[in-house]
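To start, the structure under review is shown below, and the notes come after it.
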Amino acid sequence: MSGELNAAFHMADVRDKRVTRRRAVAVGELNAGPVAYPLIVERRLPKGDALVMAEIAGLQGAKMASMLMPLCHPLPLELVQVYCAPVPERQSIRVWCECASEARTGVEMEALAGVNAALLTLYDLSKPVEPALRIEGIRLLFKEGGKRGLWLHPDGIDEGERERFRPRPPKGLNGAACAVITLSDRASEGTYADESGPKLVSGLQSLGGEVVAAEVLPDGVEPLAGRLRALAGEGVRLCLCTGGTGLGPRDLTPEALRSLNARPVHGLAQMVRALSAQHTPMAWLSRAEVVQLDDMLVFALPGSPRAAAQCLDILAPVLGHALAMVDGGGHA
C-alpha cells in the first residue's frame, strides 16, 4: 500500500469541546385529511391506536439516531419525550420530540429522528384508510446549550410551544459596564500584540455588556490593584483580567486581586478551572481567581487568547445571574 490515507468521511472531532447541558425540540405534522383524521383522533384506525404507537416510535427513533445517520455521534440521552396533538383546522396531527443530554455535541439530530419516526408511524397506521397523506413542516424548533446558548428557528415558536417547552436564554449583561485588562510586560511595551483582550471585549459585547475600558498593563501587583479600585469607583460591574495567572515569577495577577482585601468568590474560580480542564489538563496549572470588589466582579483569567475565550464561554451562562446576586436580586 502506498500514497496518502484519506478518509472520505469522518465524524466531527469533539474531544476539545466541553460537556454541557443540551436540549433540542423538533416538530412536524402529518396532514391526515377528512377520512383519516377523525379515525386517528378517535383512536379507531384498523391497526390500533396510532397516537400511542407514534409516541413509542418517536422514543425509539431518537435513541437510534446514530445508527440511522452514519456521522451522528451516539449520545447518552437523559430525556426523550414525544407529544402528539390534533390540529382540527388543518386536519393534521402535530408531533414534537424533546431530547436532552449532557454531552459535547447537540441533540438536534435525535429530536429530528424522533419526530420523523413518530410521523412515519402515524403514516403507516393511517395509510390503510387514506393513502393521500402528507408529512410536512419538519424542523428544529429550538436548541439550547453549548457555545451558542439558545437558538430559535427563524420561523418562530408559538405561545403554546413556548409555554410547554420554556426555552431558556442565558441571562445577559443588559448593558452592564465592563472592563478588560490584559496583563503582559511584552504587550505593554509594544513588542507583542494583545490578542486576548480584543477577544474578551467582543465576547462581553455579544453578551450585552458595555465595555467602557480595554487596557494593557505590565505584569505585577501594581498598577493593576490601583486600576481595579478606580474602575470599581467608576461604577464598572465586571472586569476581566487576562494574563499573569501562571507559575512564572512575574505572574502576579492573583496576588494583585488578593491585595484588594476583596471578597473571594471561590466557586466561580473553581468552575473556570474544572470546566477548562475539559479542553486541556493544563487548566489545573492556572491560578485563576475571582473576587468581588464593592459592586464589581473581577476575574483573573489565563493569558492565551484561546484559553481566555474558552473561559468566557464557560462563564457566559452565569455572569448575568452573578451580577443580579451582587445587587441582591438572585439566589445561590
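Quick test of your reading of the structure: K47 fulfils all but one of (1) charged (D, E, K, R); (2) over 30 Å from L275 (Cβ atoms); (3) in contact with a strand residue (DSSP E or B) (Cβ under 9 Å, 6 or more places away or on another chain). Name the failing condition by number.
Here K47 meets the rest and fails (3).
In region 87-114, what count of residues is obtained for those that are within 18 Å of G61 (Cβ to Cβ), acidic (D, E) and in contact with a Lys or Arg (Cβ under 6 Å, 6 or more places away or on another chain)?
So the answer is 1.
In region 251-273, how many are open to solvent by 40 Å² or more (accessible area, probe 1.4 Å) and farther than 15 Å from S304 by Cβ?
Within region 251-273, residues that are open to solvent by 40 Å² or more (accessible area, probe 1.4 Å) and farther than 15 Å from S304 by Cβ number 11.
Can you name the residue in region 231-246 that is modelled with pLDDT of 95 or more, surrounded by fewer than 19 Cβ atoms within 10 Å (Cβ to Cβ) and assigned to a loop (DSSP other than H, G, I, E, B) and is also nearest to the chain's Cα centre (by Cα) among such residues?
The qualifying residue nearest to the chain's Cα centre (by Cα) is G235.
Could you check A103 against (1) open to solvent by less than 20 Å² (accessible area, probe 1.4 Å); (2) aliphatic (A, V, I, L, M); (3) touching a helix residue (DSSP H, G or I) at 6+ places or on another chain (Cβ under 8 Å) and say which number it fails?
In the conditions (1) open to solvent by less than 20 Å² (accessible area, probe 1.4 Å); (2) aliphatic (A, V, I, L, M); (3) touching a helix residue (DSSP H, G or I) at 6+ places or on another chain (Cβ under 8 Å), A103 misses (3) alone.
Cβ-Cβ below 8 Å, separation at least six or inter-chain, first residue in region 241-261 and over 17 Å from V272 (Cβ atoms), second at pLDDT below 95 and not in a loop (DSSP other than H, G, I, E, B): which pairs?
As it stands, the answer is R250/D185, since those pairs meet every condition given.
Take region 65-93 and flag every residue that is in contact with a Pro (Cβ under 9 Å, 6 or more places away or on another chain) and surrounded by 18 or more Cβ atoms within 10 Å (Cβ to Cβ).
A65, Q91, S92, I93
Can you list residue pairs whose Cβ atoms sit under 9 Å apart, with the first residue in region 140-156 being over 17 Å from A316 (Cβ atoms) and part of a loop (DSSP other than H, G, I, E, B) and the second being among the β-branched types (V, I, T) and open to solvent by less than 40 Å² (accessible area, probe 1.4 Å)? Count only pairs 6 or more apart in sequence or on different chains.
Qualifying pairs under 9 Å: H153/V27.
Residues of region 275-294 being open to solvent by less than 40 Å² (accessible area, probe 1.4 Å) and either at pLDDT below 95 or touching a Gly at 6+ places or on another chain (Cβ under 9 Å) (or both), which ones?
Within region 275-294, S276, A277, H279, A283, S286, A288, E289, V290 qualify.
Within region 195-212, how many residues are over 17 Å from A322 (Cβ atoms) and open to solvent by less than 10 Å² (accessible area, probe 1.4 Å)?
The total comes to 2.
So which of R168, R164, R134 is open to solvent by 40 Å² or more (accessible area, probe 1.4 Å) and within 18 Å of the chain's Cα centre (by Cα)?
After applying the criteria, what remains is R168.
In region 124-179, what count of residues is obtained for those that are farther than 16 Å from L207 by Cα and touching a His at 6+ places or on another chain (Cβ under 7 Å)?
4
Output the residues belonging to region 129-139 that are of a type in the set (K, R) and either in a loop (DSSP other than H, G, I, E, B) or closer than 18 Å to G58 by Cβ (or both).
R139
So if I check each of L119, L183, L140, which one is open to solvent by less than 20 Å² (accessible area, probe 1.4 Å) and touching a helix residue (DSSP H, G or I) at 6+ places or on another chain (Cβ under 6 Å)?
The unique qualifying residue is L183.
Being under 13 Å from L257 (Cβ atoms) and not in a loop (DSSP other than H, G, I, E, B) is the filter here, so list the residues in region 203-230 that pass it.
Answer for region 203-230, where residues must be under 13 Å from L257 (Cβ atoms) and not in a loop (DSSP other than H, G, I, E, B): L224, A225, G226, R227, L228, R229.
Filter region 10-27 for residues that are touching a strand residue (DSSP E or B) at 6+ places or on another chain (Cβ under 6 Å) and surrounded by fewer than 22 Cβ atoms within 10 Å (Cβ to Cβ); which is nearest to E144 (Cα to Cα)?
Restricting to residues being touching a strand residue (DSSP E or B) at 6+ places or on another chain (Cβ under 6 Å) and surrounded by fewer than 22 Cβ atoms within 10 Å (Cβ to Cβ), the top hit is R21.
The values are calculated or read from the model by the stated rules, or taken from the named source; none is laboratory data. All values derive from a computational prediction rather than experimental measurement. Neighbour counts are summed over all protein chains in view; Cβ atoms, including those assigned to glycine, are modelled from backbone coordinates with ideal geometry. Areas reflect the complete protein model, heavy atoms only, side chains present, ligands, DNA and RNA absent. Shrake-Rupley method; radii C 1.70, N 1.55, O 1.52, S 1.80 Å.
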